[in-house]
Amino acid sequence: MRQEDIVSMFDSISKKYDLVNRVLTFGVDLKWRKNAIKKVFGLIPKEAKILDVACGTGDMIALWKEMGKKYGRNLQICGLDPSSGMLEVAQKKLPDVKFYKAYATDLPCKSESIDAISIAFGIRNVLEIEKAIEEFNRVLKSNGVVLVLEFTKDEKPSKLRKCVDFYSTKLLPKIGGFLSKNKKAYEYLPNSIENFYTPRELSALFEKKGFKIVHIENFNFNQVTLLIAKKII
Ligand SMILES: C[S@@+](CC[C@H](N)C(=O)[O-])C[C@H]1O[C@@H](n2cnc3c(N)ncnc32)[C@H](O)[C@@H]1O
């Protein structure tokens with residue numbers, strides 16, 4: 001699939017994205033997201049600039065705001081996504097947030113200006129992933145961090161992981177396709193997980209581009225990985 005086709009697929013499901021997401025994940029992703037943000041708070045200053053890449057409909061930004069308030073943080077948060085449809089929904093939900101229409105490989109930010117980047121369920125869609133990681137490195141301040149939440153491949157899947165994969169490959173495309181009226185988009189999810197990296201391979205890509213992995217955690221029987229990488233070079 002070409003990068004433009006992936007983006008137009010997100011355009012086509014943008015209006016139903018939030019509904020389908022909550023139904024398919026049963027809302028468990030909220031726990032993973034909050035846990036990830038809390039971990040990053042331990043690594044960045046109280047006053048910080050946050051960039052949410054592949055922000056989609058703004059779920060992660062809403063949580064940065066909520067958690068920032070709860071933990072007394074003074075955060076300046078921006079979102080970025082190449083899909084106009086997803087951005088339109090995000091801007092309606094979060095009218096006071098600044099959103100940019102851009103790719104992860106070409107960030108509209110000054111070098112060394114950002115304290116933390118988050119990319120939740122987004123990096124799998126970026127075809128030029130190494131170029132994106134180089135961009136993350138460019139815009140982050142020294143010791144800045146990247147939070148990645150993503151579906152990853154498992155080298156030796158357990159029986160439970162196989163059950164979760166059965167849900168993702170067989171049931172999810174049917175339910176997602178029915179709710180969004182776009183079956184193809186929800187078939188893309190399991191296929192893209194199958195073609196993505198293992199947590200070890202993903203970590204190696206970050207290390208190659210000047211990051212140190214400071215935290216790695218798996219959820220949902222190793223289907224989802226939280227990786228936190230700190231810029232060291
Ligand atoms: C599964 S959604 C995740 C949205 C949001 N981060 C969330 O957690 O719900 C993936 C998003 O990645 C975006 N995307 C696809 N290709 C991208 C790229 N090359 N650079 C940045 N974002 C991209 C899509 O437009 C889509 O909004």
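Among all the lysines, which ones have a C-alpha under 23 Å from Lys170's C-alpha, if same-chain residues fewer than 8 places away are not counted?
Lys16, Lys153, Lys156, Lys159, Lys162, Lys181, Lys183, Lys184
Hey, in the GNM for the chain with a 10 angstrom Cα cutoff, which one of Val126, Val28, Val89 fluctuates hardest?
Looking only at Val126, Val28, Val89, the largest GNM fluctuation is found for Val28.
Given the options Gly56, Gly27, Gly210, state which has the largest fluctuation in a GNM of the chain using a 10 Å cut-off (strictly under) for Cα springs.
Highest fluctuation among the options: Gly27.
Compute the separation of the alpha-carbon centres of the stretch 145-173 and the stretch 8-53 and state it in Å as a whole number.
The two parts, judged by their Cα centres, are 17 Å apart.
Of the chain, which part is the longest with no trypsin sites (Lys or Arg not before Pro) in a loop (DSSP not H, G, I, E, B) and with at most 12 other C-beta atoms within 10 angstrom? Show your work: numbers first, answer last.
On the way: sites that count: Arg2, Lys46, Lys110, Lys181.
The reported range is 111-180.
For the chain, what number results from the quotient of the Cα radius of gyration and 2.2 N^0.38 Å? Don't jump to the answer; show the numbers that get you there.
Numbers: Rg = 16.7 Å, N = 233, 2.2 N^0.38 = 17.5 Å.
The chain yields a ratio of 0.96.
For a quick check of your reading of the filter: which GluC sites (Glu not before Pro) in the stretch 66-158 sit in a DSSP loop and have no more than 11 other Cβ atoms within 10 Å? Let's see the in-between values first.
Details: sites: Glu66, Glu88, Glu112, Glu128, Glu130, Glu134, Glu135, Glu150, Glu155; in loops: Glu112, Glu128, Glu155.
The qualifying sites are Glu155.
If you filter the stretch 62-104 for chymotrypsin sites (Phe, Trp or Tyr not before Pro), then keep DSSP loop positions with at most 14 other Cβ within 10 Å, what is left?
Values: sites: Trp64, Tyr71, Phe99, Tyr100, Tyr103; in loops: Tyr71, Tyr103.
Sparse-neighbourhood loop chymotrypsin sites (Phe, Trp or Tyr not before Pro): Tyr71.
Which chymotrypsin sites (Phe, Trp or Tyr not before Pro) from the stretch 14-52 combine a DSSP loop assignment with at most 15 other Cβ atoms within 10 Å?
Working: sites: Tyr17, Phe26, Trp32, Phe41; in loops: Phe26.
Passing both the DSSP loop test and the Cβ count: Phe26.
Would you calculate, for the chain, the mean residue ellipticity at 222 nm contributed by helices, counting each DSSP H stretch of 4 or more residues as -39,500 (n - 2.57) and dividing by all residues, to the nearest 500?
Working: 10 runs with 105 residues, N = 233.
Helix contribution divided over all residues of the chain: -13500 deg cm²/dmol.
Over the stretch 113-155, how many percent of alpha carbon pairs lie in each 10 Å bin up to the one with the longest distance?
Percent of Cα pairs in each bin: 28, 50, 20, 2.
No value in this document is a laboratory result; all are computed from the given coordinates. Since we're looking at a predicted model, the values are computed, not measured. Cβ coordinates were reconstructed from backbone atoms using ideal geometry, including for glycine residues, and neighbour counts include every protein chain displayed.
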